[in-house]
1. Find the relative contact order for the chain and round it to a whole percent, using C-alpha pairs within less than 8 Å whose residues are 6+ positions apart.
2. Cα axis of helix 35-61 to longest principal axis of the chain: angle in degrees, 0 to 90, nearest 10?
3. Charges only on Cβ, +1 for Lys and Arg, -1 for Asp and Glu: so what's the dipole of region 1-73 about the Cα centre, in debye to the nearest 20?
4. Quote the Stokes-Einstein diffusion coefficient, in whole µm² s⁻¹, for the chain, based on the Kirkwood radius over alpha carbon pairs, a temperature of 25 °C and a viscosity of 0.890 mPa s.
5. Of the chymotrypsin sites (Phe, Trp or Tyr not before Pro) in region 36-70, which ones lie in a loop per DSSP and count no more than 13 other C-beta atoms within 10 Å?
6. Quick query: amide H of D71 versus all other amide H atoms, modeled in the peptide plane; which residues come in under 5 Å with a sequence gap of 5 or more or a different chain?
7. If you roll a 1.4 Å probe over the chain with all protein chains in place, what percent of the accessible area is carbon or sulfur?
8. Tell me what the chain gives for mean residue ellipticity at 222 nm when only DSSP H runs of n ≥ 4 count, each as -39,500 (n - 2.57), the sum divided by the residue total, rounded to 500 deg cm²/dmol.
Amino acid sequence: MIKKILIAPFLLLVKIYQTVISPLTPASCRYSPTCSQYTVEALKKHGLFKGGWLATKRIFSCHPWGGSGYDPVP
């Protein structure tokens, strides 16, 4: 219960990004699932701290010299 309460504001921010900002920008995520979907899955599966850390690592690796391809939440 507490886990859901802690991650709810972050899930809301990601949902706002997915519905408002993402459609206005060209698709540029190098990974599957997309970085925003990965963030949602990581937060739901691992909670705020570990899930947030995984999401942060993933977002910072999404650049031309970073990885690409299928990268599921561990």
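1. Values: 59 pairs, mean separation 27.0, N = 74.
36 percent.
2. So the helix axis and the longest Cα principal axis differ by about 20 degrees.
3. Numbers: 9 positive and 2 negative charges, 51 e Å.
It comes to approximately 240 debye.
4. Working: Rh = 12.7 Å.
In µm²/s, the coefficient rounds to 193.
5. Details: sites: Y38, F49, W53, F60, W65, Y70; in loops: W65.
Here the chymotrypsin sites (Phe, Trp or Tyr not before Pro) that fit, given the DSSP loop and packing criteria, are W65.
6. S32
7. Details: 3680 of 5270 Å².
Answer for the chain is 70 percent, counting heavy atoms of protein chains only.
8. -19500 deg cm²/dmol
The values are calculated or read from the model by the stated rules, or taken from the named source; none is laboratory data. Everything numeric here is computed off the predicted structure, so don't read it as measured data. We place every Cβ from the backbone using ideal geometry, glycine too, and count neighbours over all the protein chains shown. Each accessible area value is taken on the protein alone, full model and side chains, heavy atoms only, with ligands, DNA and RNA left out. Shrake-Rupley method; radii C 1.70, N 1.55, O 1.52, S 1.80 Å.
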